[in-house]
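One structure is given here, and the rest of the page talks about it.
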Amino acid sequence: MTDMDQNHPSHPKHESPGAGTALGSQMERFKEILDHAGAGMFLADPAGRLVQINPAMRRRLLYTQAELAHQSALGLLHAADAKRVEPFMEQLVRGEIDHFRRQIRYIRKDQSVFWGDMTLTAVSDREGANDGFLGVVIDINEQKQAEAALKESEAHYRRMFDKSGAASIIVGPDMTIAMANEEFEQLSGYTREEIEGRMKWSAFIAPEDRDRMVRYHYQRRQPGAEAPPEYECRLINRNGEYRHIFMKVGMLPDGKRSIASFMDVTPLKYSEQALKENTDKLSTIIEAAEGFIFTCGRGLQIEFMNKTLMDKIGRDATGEFCFKALCGLNAPCPWCRRDLVFEGQSGRQEFENPQDGRWYEAIMSPISDDNGTVSSMEALVIDISERKREESALAERAAYLRKENVRLKSSMKERFRFGEIIGKSKAMQAVYDLILNAAATDANTIIYGESGTGKELVARAIHENSDRQEAPFVVVNCGAIPETLLESEFFGYKKGAFTGAERDKPGYLALADGGTLFLDELGEIGLNMQVKLLRVIEGNGYTPVGDNRPQFPDIRFIGATHRNIPELVKTGGMREDFFYRIHVIPIHLPPLRERKEDLLLLVDHFRQSYASQAELPPISGEILDALHSYDWPGNVRELQNSLHRYFTLRHFDGLQPSGRGDRKKPQPAAAPQDLQAALENYEKDLLLAALARCKWHRGRAAHWLGINRRTLFKKIKKYDLDRS
């Protein structure tokens with residue numbers, strides 16, 4: 001006999017008239033499941049005193065049967081949960097409800113907390129009067145720990161991205177919005193002109209949250225009062241739609257205005273609601289069916305199976321081997337804890353059923369005969385496939401957040417450089433911040449800067465710190481592609497599209513699909529090509545040359561130029577709609593002459609790039625003075641070339657103190673036979689002087705002459721110019 005038997009000396013004697021009738025009958029009826037079920041179960045009398053507690057429940061609470069006898073069921077609960085449960089127990093006694101379910105906390109014998117999902121059902125005698133309660137408690141400790149870990153991870157993620165371009169407003173003492181950014185315009189549906197100086201912050205808050213938000217607003221401005229810096233509320237946009245937002249609020253230095261940043265978490269709320277509904281449905285099914293239950297002997301032949309399991313496999317498999325009937329195996333399941341169970345211990349195991357590919361959790365318990373010998377094994381099997389998918393999703397999200405955290409920290413760790421970009425000046429710090437902001441979004445970006453300032457390095461840094469970092473980064477020098485080849489180079493072509501097209505060739509757009517396309521010298525693209533690229537940027541796709549099937553790539557565009565693009569738009573050299581599609585996030589790179597405090601860092605960086613630094617000539621004070629005195633029209637690239645020449649030749653040939661404004665115009669040749677010949681000779685000498693001045697760097701020479709590179713290439717070809 002087990003210690004749950006009614007004749008056991010520790011079993012309480014019932015004082016109510018119906019205690020030996022319906023409740024006793026119920027106790028006999030549920031004797032086996034109380035003794036051997038993996039879920040915690042107990043019986044209590046109408047006064048709430050414990051009558052029987054199964055072994056699973058006692059193990060979870062760390063008490064013995066004798067210690068729990070006659071104890072109040074409420075006395076084992078956390079005080080707050082006991083206060084919530086007591087009114088429902090009174091309703092059960094009065095017959096107003098027949099059951100209820102709550103997630104509650106038990107206080108174990110060692111004072112630790114155990115979370116359980118408890119269902120309490122009224123037990124009636126034959127006359128219908130209440131004769132006690134039947135409780136079933138499911139262990140949800142791991143679920144609660146996973147929920148806590150997810151909340152902590154998401155809170156940490158939000159803090160790391162506190163300044164990543166979220167919707168923001170500045171609020172005055174009377175709640176009037178002084179300033180709102182573009183993201184807040186999109187969130188609210190109102191324009192800045194309608195918001196700034198005209199609308200109060202409270203006008204956007206849902207009526208249910210308004211009083212709380214107003215209270216926080218004034219508490220934040222009162223000395224000694226405290227208001228939470230982070231919280232959630234609901235916002236109503238122009239269309240009357242409710243949006244769930246996460247807010248972070250802080251006071252500005254003047255102590256009167258506050259700045260608030262918002263994150264729209266409406267999709268997350270909907271997902272949580274959908275997840276809760278699915279979880280509730282699954283819990284209802286498990287509660288009603290009690291899972292798949294079967295018992296088997298030492299020979300692993302099924303002795304009993306419940307109807308739910310019969311419906312699952314489509315037949316009554318009593319007498320068959322459990323591993324064959326339930327999993328389709330020819331030998332005992334490798335995950336089965338039968339050895340442990342037949343030694344008298346319970347076991348729990350998660351496994352994937354090879355027969356249906358689903359995940360299950362099996363709670364296996366021993367069944368003893370009258371002599372106390374374990375004769376059979378009982379198994380309660382629950383389908384946990386949905387939970388496994390959720391755990392996998394949580395693990396993937398946690399790994400992603402850790403990766404993003406490491407990436408952001410590594411990007412911000414050393415502010416005297418960003419990747420391959422060197423500089424600690426104030427101007428470069430601003431550039432680093434813009435790179436991070438650009439990397440946090442998928443918006444198109446344009447980089448302005450003179451030749452040699454490192455525009456491609458900035459574009460690559462944005463790509464490598466964005467979500468597209470694993471995808472291709474494709475560089476296109478727009479000024480080096482002839483006008484006639486632009487379409488085939490960008491869009492690609494099919495075999496046979498034109499003479500010489502012997503095979504399919506993917507264009508730059510196809511190569512950059514999923515990644516970033518860097519358009520260097522953006523201002524050199526003609527108007528006709530701008531129209532076609534604009535269609536791609538707007539999501540209308542493109543068609544390769546010789547094909548009739550449109551392609552729709554997923555590309556982030558980054559442009560770069562040394563030209564004045566707004567002025568180019570005014571003069572008709574660039575379409576206005578194309579400009580605004582590219583000019584979303586502008587980044588201006590300072591020339592080297594405006595950040596000479598970075599010269600020593602750059603010199604040290606280029607010196608470190610040599611494997612054997614001991615053999616390099618020293619950088620004397622005279623050389624450093626020359627480097628600081630020079631204006632560096634070729635910027636960092638010219639500095640790198642000058643140092644390379646010095647380290648290689650071990651001779652410093654000097655630099656002109658002023659690199660801009662000292663252009664020497666070449667003298668015209670001897671008197672020609674006619675005016676046209678004189679003009680051509682003068683132009684040829686001028687081109688040669690510019691090319692020699694810029695060490696035959698055609699881009700810098702074109703900039704020095706004030707013409708575009710394509711025009712310079714044509715004139716070089718016209719006069720057959722070369723270095724000799």
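All C-alpha pair distances within region 274-387, sorted into 5 Å bins from zero, spread as 2, 11, 20, 25, 20, 11, 6, 3, 1, 0, 0 percent across the bins. Starting from the Cα gyration tensor of the chain, take the square roots of the eigenvalues, sort them a ≥ b ≥ c, and report rounded, prolate or oblate (rounded when a/c is under 1.5, otherwise prolate if a/b is larger than b/c, else oblate). Note, shape of the chain comes out prolate. Can you compute the FRET efficiency between Arg535 and Ser609 using 1/(1 + (r/R0)^6), with r the Cβ-Cβ distance and R0 = 41 Å? Round to the nearest 0.05. After rounding to 0.05, the efficiency reads 0.45. Could you please tell me the mean projected area of the C-alpha convex hull for region 157-264, averaged over all directions and given in square nanometres to one decimal? The Cα convex hull of region 157-264, projected and averaged over all directions, gives 6.6 nm². Here the sum of -39500 (n - 2.57) over DSSP H runs of 4 or more residues, divided by the residues of the chain, equals -11500 deg cm²/dmol at 222 nm, to the nearest 500. With q set to 0.21, 0.26 Å⁻¹, the log10 of I(q)/I(0) for region 593-649, from the Debye formula over equal scatterers at the Cα positions, is -0.80, -1.23.
Applying 1/(1 + (r/R0)^6) with R0 = 45 Å to the Cβ-Cβ distance of Arg105 and Lys495 gives a FRET efficiency near 0.05.
Diffusion coefficient (Stokes-Einstein, Kirkwood radius over C-alpha pairs, 37 °C, 0.692 mPa s) for region 197-240: 284 µm²/s, rounded to a whole number.
Kindly express, to the nearest 10 degrees and within the range 0 to 90, the angle between helix 599-608's C-alpha long axis and the longest C-alpha principal axis of the chain. Relative to the chain, helix 599-608 is tipped by roughly 80 degrees.
Gain on full extension, evaluated as 0.36 nm per residue between Asp554 and Gln349 minus their Cα-Cα distance, stands at 69.3 nm. So what's the gap between the Cα centers of region 69-92 and region 323-393, to the nearest angstrom? Comparing the Cα centres of region 69-92 and region 323-393, I get a distance of 33 Å.
Looking at the square roots a ≥ b ≥ c of the eigenvalues of the Cα gyration tensor of region 442-497, which shape do they give, rounded for a/c under 1.5, prolate if a/b is larger than b/c, or oblate? Oblate.
Give me the one-decimal Kirkwood hydrodynamic radius in Å for region 675-719, with the sum taken over alpha-carbon pairs. Evaluated over region 675-719, this radius sits at 10.5 Å. Scoring 625-638, 676-689 by mean Cβ neighbours within 10 Å over their residues and listing the highest first yields 625-638, 676-689. Angle, helix 266-289 long axis vs. longest principal axis of the chain, Cα atoms, 0 to 90°, nearest 10? Result, in degrees: 20. Computed from the C-alpha gyration tensor, the three semi-axes of the ellipsoid equivalent to region 415-590 are 29, 18, 14 Å, from longest to shortest. Pairs of lysine residues in region 415-590 that meet both criteria, 8 or more places apart or on different chains and Cα atoms under 22 Å apart, total 8. Phi angles of region 228-238 translate, via the Karplus equation with coefficients 6.51, -1.76, 1.60 and θ = phi - 60°, into HN-Hα couplings of x, x, 9, 6, 10, 7, 10, 10, 10, 8, 4 Hz per residue; Gly and Pro are given as x.
Does region 17-139 classify as rounded, prolate or oblate by the C-alpha gyration tensor (a ≥ b ≥ c root eigenvalues; a/c under 1.5 gives rounded; else a/b over b/c gives prolate, otherwise oblate)? Judged from the Cα gyration tensor, region 17-139 comes out oblate (a/c at least 1.5, b/c at or above a/b).
Helix 527-537 axis versus longest C-alpha principal axis of the chain: approximately 10°, rounded to the nearest ten. Ranked for footprinting exposure by Cβ neighbours inside 10 Å, fewest first, Arg298, Arg60 give Arg298, Arg60.
Three principal axis extents describe the C-alpha atoms of region 475-558; from largest down they are 32, 25, 20 Å. As a length-normalised measure over Cα pairs under 8 Å and 6 or more apart, the relative contact order of region 157-264 settles at 27 percent. Across the chain, the relative contact order, built from alpha-carbon pairs under 8 Å that are at least six residues apart, equals 7 percent. Counting every other Cβ atom within 10 Å of each residue's Cβ, Ser261, Ser376, Ser368 order from fewest to most as Ser368, Ser376, Ser261.
Amide H contacts for Ile421 (H built 1.01 Å from N in the peptide plane; partners 5 or more residues away or on another chain; cut-off under 5 Å): none found.
Read-outs: derived from the displayed coordinates by stated rules, not from any lab. Treat the numbers as computed from the prediction; the structure is a model and nothing was measured. Note that each Cβ is placed from the backbone with ideal geometry, even for glycine, and that neighbours are counted across all protein chains shown.
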